[in-house]
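The values are calculated or read from the model by the stated rules, or taken from the named source; none is laboratory data. These numbers come from a predicted model, not from an experiment. Note: accessible area is taken over every heavy atom of the protein model, side chains too, but ligands, DNA and RNA are not part of it. Shrake-Rupley method; radii C 1.70, N 1.55, O 1.52, S 1.80 Å.
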Amino acid sequence: MSRKPPRGEYIETDTGNKVARKATLVGTQNIMLGGKTVIQQEVMIRGDLIRSLPSSSSSGGGPPSNTAVAIGRYCFLSRGCCLRPPGRLYKGVFTYMPLRMGDHVFVGQGTVVQAASIGSHVHIGAQVVVGEFAIIKDYVRILDGSVVAPNTVIPSFSIVAGQPAKVIGEVPEGGHEAFELRDLYKTVGNNPQPAPS
C-alpha cells in the first residue's frame, strides 16, 4: 500500500502562483495569472464573465480574446476578496469587458474589485469597493473602507480614502519600496518562510 503525500493548503503552479484550495476561480480558462501571485482562501475570481459580442459576418480577424481577468506578477489577493470584470451595454447587447491588473498589487480582505484596469504597485485596503470601469494608475494606495465610484480615474502616486473616494494625499518620495510584494509572497504557501525583520 502506497502512501499519498499530504495535501497542502495551497496549489503551487509551475510559474510560482500559490492558489488556496478553498479559493473559487470560475471560468479558469479565461483567467491569466502572471506568476508568483498569491490567492488566499475564500477569494472569488469571475472568469466566466467574458465579452460576448454579437457575431458579425464581416469580421476578418482571428478568434476574439476571451481573457476576462488578467493578473500580473507578485499580486496578493487577501481572504474573501472578489475580482469581477465590469459589464455594460455595447451595441445593444450587455457584455463584460476585461479586468486588467498590473504587478505588485495587494488587494485587502473583503474587497470587491470591478475596475477596468489597475496599474502596478497598488495597495487596495480591506473592505474597499472599486466600482465598474474605474482606472487606478501606478503607485496608488487606497485606504480601508473606501468606495471608488464607477468610471473614476485615480492618478499615479495618490493616497485615496472616503465614500466616495477622493485623493487625500500623495505617496511620499522614497515610499515606493512599501509596494514591493516579493517578501510577502515568500511568507505564504505550503512551505512558508518567516517574514524578514
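The table below lists the values:
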| item | result |
| --- | --- |
| Largest-first ellipsoid semi-axes for the range 76-163, taking √(5λ) over the Cα gyration tensor eigenvalues, angstrom | 21, 13, 12 |
| Accessible-area composition of the chain, carbon plus sulfur, in percent [1.4 Å probe] | 52 percent |
| The chain, accessible area per residue, ligands and nucleic acids excluded (1.4 Å, Å²) | 55 Å² |
| Rg(Cα)/(2.2 N^0.38 Å) for the chain, N = residue count | 1.10 |
| Per-residue [θ]222 nm for the chain (sum of -39500 (n - 2.57) over DSSP H runs n ≥ 4, rounded to 500) | -500 deg cm²/dmol |
